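Below you'll find the structure, written out as structure tokens, and then a few comments.
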Amino acid sequence: MNLVMIGTGYVGLTTGVGFASLGHNVACVDVNAEKIAQLDMGKVPFYEPGVQDALTMVQEQGKIVFTTDLKSVIGGADIIMLAVGTPSTRTGEANLEYLFSAAEQVGSLLDHEAVIVTKSTVPVGTNRLVLEKVRKGMSEAGRAELTSLINIVSLPEFLREGTAFEDFHNPDRVVIGADDEIAAQTVAKLHEGLDAPHVITKLESAELIKYAANALLATKISFINEIANLAERVGADVRDVAEGIGLDKRIGPHFLRAGVGYGGSCFPKDVSALAQLGGAKGYTFKLLSSVIEVNNRQREIFFKRILDELGGVKGRRIAVWGLAFKPDTDDIRESAGVDIAQRLHAHGADLAVYDPQAMNNTRRVLSDHVEFTTTAMDAARGAEALIVLTEWPEFKEVSFEMLRENMVGQHIFDGRNHFADMDLHKRGFCYQGVGLGTCAS
Ligand SMILES: NC(=O)c1ccc[n+]([C@@H]2O[C@H](COP(=O)([O-])OP(=O)(O)OC[C@H]3O[C@@H](n4cnc5c(N)ncnc54)[C@H](O)[C@@H]3O)[C@@H](O)[C@H]2O)c1
């Protein structure tokens with residue numbers, strides 16, 4: 001099939017390369033000319049395991065092309081997929097400006113039968129608006145008679161950054177929302193070669209499935225974080241509690257890791273957008289307001305602990321390990337690492353930061369007065385405290401003996417319980433995780 005993918009971010013590029021690797025002809029379009037130039041030269045502009053090798057392969061096979069010019073590739077497209085960003089507005093709703101602009105552009109150029117597919121995460125009702133915009137554009141361009149040949153399908157994406165390419169090839173399910181059965185079958189056919197159940201449903205249900213899935217995962221995280229806070233007060237260890245409840249098949253072990261809370265490009269914005277959607281429909285989604293509040297409070301609690309334990313940070317050298325919102329990505333959107341680093345800097349800390357992949361992205365948002373180091377150990381050298389905010393496996397490989405020698409102070413505040421099993425208090429550190437008790441205990 002001929003697929004045009006609009007938007008070459010984490011989702012658009014990964015899935016575009018994925019569909020090309022299934023044998024489809026893919027044309028990727030983006031408004032960012034610099035990104036397209038890099039991709040055209042075979043270079044993935046962000047860090048996502050597996051995507052670079054797969055891109056090289058499909059490019060060699062001539063299965064994928066990159067352009068900023070939609071007009072040059074839209075002719076002959078069976079499917080036009082929209083994977084542009086839908087970030088939060090200041091009030092928490094999804095910003096649909098990029099999506100609608102892409103839809104209008106498609107409408108102004110489309111002159112043949114095609115299925116429009118929305119891959120971006122969008123509030124319920126959006127797909128119908130996208131279809132309207134495409135058809136309106138076609139009518140304005142003098143092709144009103146062709147509008148009935150255009151259909152819309154909602155195809156929400158569930159990949160996780162860090163394992164996105166693997167997730168593309170091994171999805172838990174493919175959700176296809178459509179009014180038109182043939183359009184739904186066309187999109188189902190696009191996925192031939194992937195072994196996953198298809199949930200074929202109404203547009204509105206597909207749109208809601210995506211938000212409901214993310215909201216439920218975020219709820220699990222906020223839930224275990226509340227248990228962690230309570231565990232500290234009653235002398236329990238949240239890791240054991242999580243294991244004890246996660247072994248229950250009705251609950252499952254995933255998303256029960258206590259820490260400094262969720263971040264990233266999806267959970268914060270999607271939970272907030274679902275809560276807003278409830279409000280707009282006259283329904284107060286009480287549970288989600290608490291999920292958001294607990295998540296925000298988790299960072300406050302963590303930061304306050306640092307200030308209280310150290311007696312302030314002004315003028316004191318503090319190291320931060322981990323700026324990406326999770327390991328195996330360079331994405332820092334809504335990351336706890338960047339947030340806590342900004343708070344430390346605002347409180348006058350002399351800050352040194354390190355992340356294996358997210359340094360370039362972080363340089364754009366953190367002050368020039370922060371020291372960006374080339375190794376984890378360099379950041380920790382001379383530090384009074386070390387704050388761990390992303391569970392990168394390589395952080396476990398450092399020599400803790402050398403770390404103890406290089407640090408001036410002994411405090412490690414671990415927002416991910418990454419070192420919780422490493423008996424660091426026996427190695428001379430005052431180690432504090434989340435839900436584990438204080439370093440004195
Ligand atoms: N990142 C994830 O883990 C993830 C997972 C599931 C779903 N999603 C959803 O997928 C969508 C895309 O997310 P992302 O993380 O890939 O975003 P992103 O910000 O990484 O990429 C979006 C891309 O769209 C491009 N773009 C914007 N307007 C355009 C236009 N008119 N024409 C062509 N290109 C345009 C931007 O230049 C950018 O390259 C969002 O709705 C997001 O919620 C993301």
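Six or more apart or on different chains, Cβ under 6 Å: which pairs go from a residue in the range 391-405 that's within 12 Å of G428 (Cβ to Cβ) to one that's part of a helix (DSSP H, G or I) and of a type in the set (A, V, I, L, M)? Could you list them?
Partner pairs satisfying both residue conditions: L403/A380.
Please verify whether the range 61-76 includes one or more residues that are more than 20 Å from F19 (Cβ to Cβ) and away from the ligand (no atom under 13 Å from the Cβ).
No, that holds for no residue.
Across the range 299-338, what is the total count of residues that are in contact (Cβ under 8 Å) with a residue 40 or more places away in the chain, more than 24 Å from G437 (Cα to Cα), of a type outside the set (K, R) and away from the ligand (no atom under 16 Å from the Cβ)?
1
Report every pair of residues separated by at least 6 positions or lying on different chains whose Cβ atoms are under 8 Å apart, first residue within the range 339-355 and assigned to a strand (DSSP E or B), second modelled with pLDDT under 95.
L351/H369; V353/L366
Say we look at the range 111-157 and pick out the residues that are small (G, A, S) and assigned to a loop (DSSP other than H, G, I, E, B); which of these is nearest to V175 (Cα to Cα)?
Here the residue is S120.
Might you let me know whether the range 9-21 holds any residue that is in a loop (DSSP other than H, G, I, E, B) and more than 21 Å from the chain's Cα centre (by Cα)?
No - not one qualifying residue is present in the range 9-21.
Report yes if some residue within the range 19-26 is within 14 Å of the ligand (Cβ to nearest atom) and modelled with pLDDT of 95 or more; otherwise report no.
No, the range 19-26 contains no residue that is within 14 Å of the ligand (Cβ to nearest atom) and modelled with pLDDT of 95 or more.
Output the residues belonging to the range 398-423 that are part of a loop (DSSP other than H, G, I, E, B) and charged (D, E, K, R).
Of everything in the range 398-423, those that are part of a loop (DSSP other than H, G, I, E, B) and charged (D, E, K, R) turn out to be R416, D421, D423.
Looking only at the range 23-49, which residues are in a loop (DSSP other than H, G, I, E, B) and buried (at least 18 other Cβ atoms within 10 Å of the Cβ)?
Of everything in the range 23-49, those that are in a loop (DSSP other than H, G, I, E, B) and buried (at least 18 other Cβ atoms within 10 Å of the Cβ) turn out to be H24, D30, V44, F46, Y47, E48.
Quick one: would you say S441 is at pLDDT 95 or above and among the small types (G, A, S)? Can you show your working first?
Details: at pLDDT 95 or above: no; among the small types (G, A, S): yes.
In short, no.
Run down T68, T56 and say which single residue is farther than 19 Å from N361 by Cα, touching a helix residue (DSSP H, G or I) at 6+ places or on another chain (Cβ under 6 Å) and not acidic (D, E).
T68
Starting from residues that are of a type in the set (K, R) and within 15 Å of the ligand (Cβ to nearest atom), keep the ones in the range 106-157 and report whichever is nearest to the chain's Cα centre (by Cα).
Only one residue fits best here, namely K119.
Residues of the range 300-323 being out of contact with any Gly (no Cβ under 7 Å at 6 or more places or on another chain) and hydrophobic (A, V, I, L, M, F, W, C), which ones?
I301, F303, I306, L307, L310, I318, A319, W321
Restricting to the range 228-250, give me the number of residues that are surrounded by fewer than 18 Cβ atoms within 10 Å (Cβ to Cβ) and part of a helix (DSSP H, G or I).
Residues that pass the stated criteria total 9.
The values are calculated or read from the model by the stated rules, or taken from the named source; none is laboratory data. If you're wondering where the values come from, they're calculated on a predicted model, not measured in any experiment. Cβ: placed from backbone, ideal geometry, glycine included. Neighbour counts: every protein chain shown.
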